[in-house]
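Chemist: Once you've had a glance at the structure underneath, I'll fire off some questions.
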Amino acid sequence: MNEITINPALKGRSLLTLNSFTDDEMCELIDLAVALKARKAAGVRGDLLHRRNIVLIFEKGSTRTRNSCIVAAQDEGGAAQYLGGHETHFGHKESVKDSARVLGRLYDGILFRGFSQRTVEDLAKYSGVPVWNGLTDESHPTQILADLMTLREAFGDIGGRKLVYMGDGRNNVANSLMMGCAKAGVNYVNCTPRELLPDPALVARAREIAARHGSTIDVENDPAVAVRGANALYTDVWVSMGEEDKTAERLRLLRPYQVNMDLCRATGNPGGELIFLHCLPAFHDCETEVSRETGAQEVADDVFESDFSRVFDEAENRMHTIKALFVSALQR
Ligand code: CP
Ligand code: NVA
């Protein structure tokens, strides 16, 4: 079993975007998550969060992030309290600054999911405790730790591998994935229509980081060109939480960007050298309320259910990577 090694420099540290950590620190967090996963599989119970209290403030819905936090805290002897929607005064009857100062007196750490990146930054500024970004409109850094861990489980050394993200090129997952790939030396292609291009400043920053590792960051409009030689195809919903009014436009723009078997074949890397990733929740052939209403389907069912789909490993790894974050920041 891997030894549990926690970098002392991560004590008290927040995760607001992936650039809250150096490239090495980010990779060490993934090493730690791998070790924590092996330890749990061996049936060894941890106590690294003994008597630690974590609050989860969610303005948007969640299955994976919310439950990963709860299980991660419980596994290590700590507790996580969920505060959803308007259950508290947070951000509507009381300012974020005041709520941060109250919650920071009561809790050892705060995980926030919501709309504004500014909120998670203010929580970190005023609470006095570590704050973790569990998704904002701009970024989703905890997701990408799990994605990189899943890539590592598939390929071992991931430096120089090629990951292609298909779909809404300017959403939270695409932004953080670009940064995470840059920091890990993974060649990244954002394949998206011209109407949904990522922020050029973010692309420039990712390119600077990738250059340190000799890897590349590209933006491409043509799916067949983008996927050539890919080791991983990644997609996300076409309409993110809070953007439901854009559904019709997104369907029109993104239908040609669906991940299907033809696209997988166009990688030239079928089978063992290609994996499919999705942060989930996903629209494939599933019967959900939203997919019935919109007809959105960013991934074909046969790809989602294929033997090269790693989406449920990826979902499980959310918990191990969030646990790595918690135990690092709250180490004694
Ligand atoms: N991938 C992800 O963040 O899932 P949830 O929205 O279920 O938390
Ligand atoms: N881009 C998606 C990610 C969900 C995990 C959203 O923000 O809804």
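Chemist: Using packing as a proxy for protection, rank 252-258, 27-33, 88-94, 322-328 so that the peptide with the highest average count of other Cβ atoms within 10 Å comes first.
Modeler: Numbers: 252-258: 17.1, 27-33: 21.4, 88-94: 14.3, 322-328: 26.4.
Top to bottom by mean Cβ count within 10 Å: 322-328, 27-33, 252-258, 88-94.
Chemist: Can you give me the angle between helix 141-155 and the longest principal axis of the chain, using Cα atoms only, in degrees from 0 to 90, rounded to the nearest 10?
Modeler: The angle comes out near 60 degrees.
Chemist: Which of the pairs 60/323; 37/246; 60/125; 125/162; 162/246; 11/162 have their Cα atoms more than 28 Å apart in this structure?
Modeler: Values: 60/323 21 Å; 37/246 39 Å; 60/125 22 Å; 125/162 36 Å; 162/246 30 Å; 11/162 32 Å.
Where the Cα-Cα span goes over 28 Å, the pairs concerned are 37/246; 125/162; 162/246; 11/162.
Chemist: Which order do the peptides 7-17, 176-186 come out in when sorted by mean C-beta neighbours inside 10 angstrom, highest first? Please report the intermediate quantities before stating the final value.
Modeler: Numbers: 7-17: 17.2, 176-186: 26.8.
Listed from highest to lowest mean packing, they are 176-186, 7-17.
Chemist: Charges only on Cβ, +1 for Lys and Arg, -1 for Asp and Glu: so what's the dipole of the stretch 20-143 about the Cα centre, in debye to the nearest 20? The partial results should precede the final answer.
Modeler: Values: 16 positive and 17 negative charges, 101 e Å.
That gives a dipole near 480 debye.
Chemist: Give me the dipole magnitude in Debye, nearest 20, for the chain about the Cα centre, with unit charges on the beta carbon: positive for Lys and Arg, negative for Asp and Glu. Write out the running numbers ahead of the final one.
Modeler: On the way: 38 positive and 47 negative charges, 238 e Å.
In total the dipole reaches around 1140 debye.
Chemist: Separate question: Which of 331, 143, 14 sits closest to the plus end of the dipole of the chain, meaning its Cα is farthest towards the positive end, when Lys and Arg get +1 and Asp and Glu get -1 on the C-beta?
Modeler: Farthest towards the positive pole: 331.
Chemist: Kindly identify the stretch 1-138 as rounded, prolate or oblate by the Cα gyration tensor criterion: order the square roots of the eigenvalues as a ≥ b ≥ c, call it rounded if a/c is under 1.5, otherwise compare a/b with b/c, prolate if a/b is larger, else oblate. Display every interim value, and only then the final one.
Modeler: On the way: a/c = 1.92, a/b = 1.59, b/c = 1.21.
Prolate.
Chemist: For the Cα atoms of the chain, what angle does the longest principal axis make with the long axis of helix 96-106, in degrees from 0 to 90, nearest 10?
Modeler: 60 degrees
Chemist: In debye to the nearest 20, how big a dipole does the stretch 66-213 give about its Cα centre with +1 on each Lys and Arg Cβ and -1 on each Asp and Glu Cβ?
Modeler: Numbers: 17 positive and 17 negative charges, 74 e Å.
Charge dipole, the stretch 66-213, about its Cα centre: 360 debye, nearest 20.
Chemist: So, one more: Looking at the square roots a ≥ b ≥ c of the eigenvalues of the Cα gyration tensor of the stretch 13-84, which shape do they give, rounded for a/c under 1.5, prolate if a/b is larger than b/c, or oblate?
Modeler: Details: a/c = 1.77, a/b = 1.06, b/c = 1.68.
It is oblate, given that a/c is not under 1.5 and a/b is not larger than b/c.
Chemist: Hey, what number do you get for the chain at 222 nm if only DSSP H runs of n ≥ 4 count, each worth -39500 (n - 2.57), divided across all residues, to the nearest 500?
Modeler: Values: 13 runs with 142 residues, N = 332.
Calculated mean residue ellipticity at 222 nm is -13000 deg cm²/dmol.
Chemist: Same structure, new question: Residue by residue, what Karplus-based ³J(HN,Hα) values in Hz, rounded to whole numbers, does the stretch 173-188 have, using 6.51, -1.76 and 1.60 with θ = phi - 60° and x for Gly and Pro?
Modeler: 5, 4, 4, 6, 5, 4, 5, x, 5, 4, 5, 9, x, 8, 6, 10
Chemist: Tell me the angle of helix 200-213 to the major Cα principal axis of the chain, expressed in degrees between 0 and 90 and rounded to the nearest ten.
Modeler: So the helix axis and the longest Cα principal axis differ by about 90 degrees.
Chemist: Report the calculated FRET efficiency for residue 252 and residue 87 (r = Cβ-Cβ distance, R0 = 51 Å), to the nearest 0.05. Write out the running numbers ahead of the final one.
Modeler: Details: r = 37 Å, r/R0 = 0.73.
For residue 252 and residue 87, the calculated efficiency is 0.85.
Chemist: Next question, about the same structure. Using a Cα-Cα cut-off of under 15 Å, which aspartates and glutamates could be cross-linked to residue 97, ignoring same-chain neighbours fewer than 8 residues away?
Modeler: 121, 122
Chemist: Going by Cα centres, the stretch 135-211 and the stretch 51-101 are how many Å apart?
Modeler: One Cα centre to the other: 26 Å.
Just so you know, all these numbers are worked out from the coordinates, no wet-lab data involved. Every value quoted in this text rests on a predicted model; they were computed, and no experiment measured them. Heads up, the Cβs are rebuilt from the backbone with ideal geometry, glycines too, and the neighbour counts pull from every protein chain shown.
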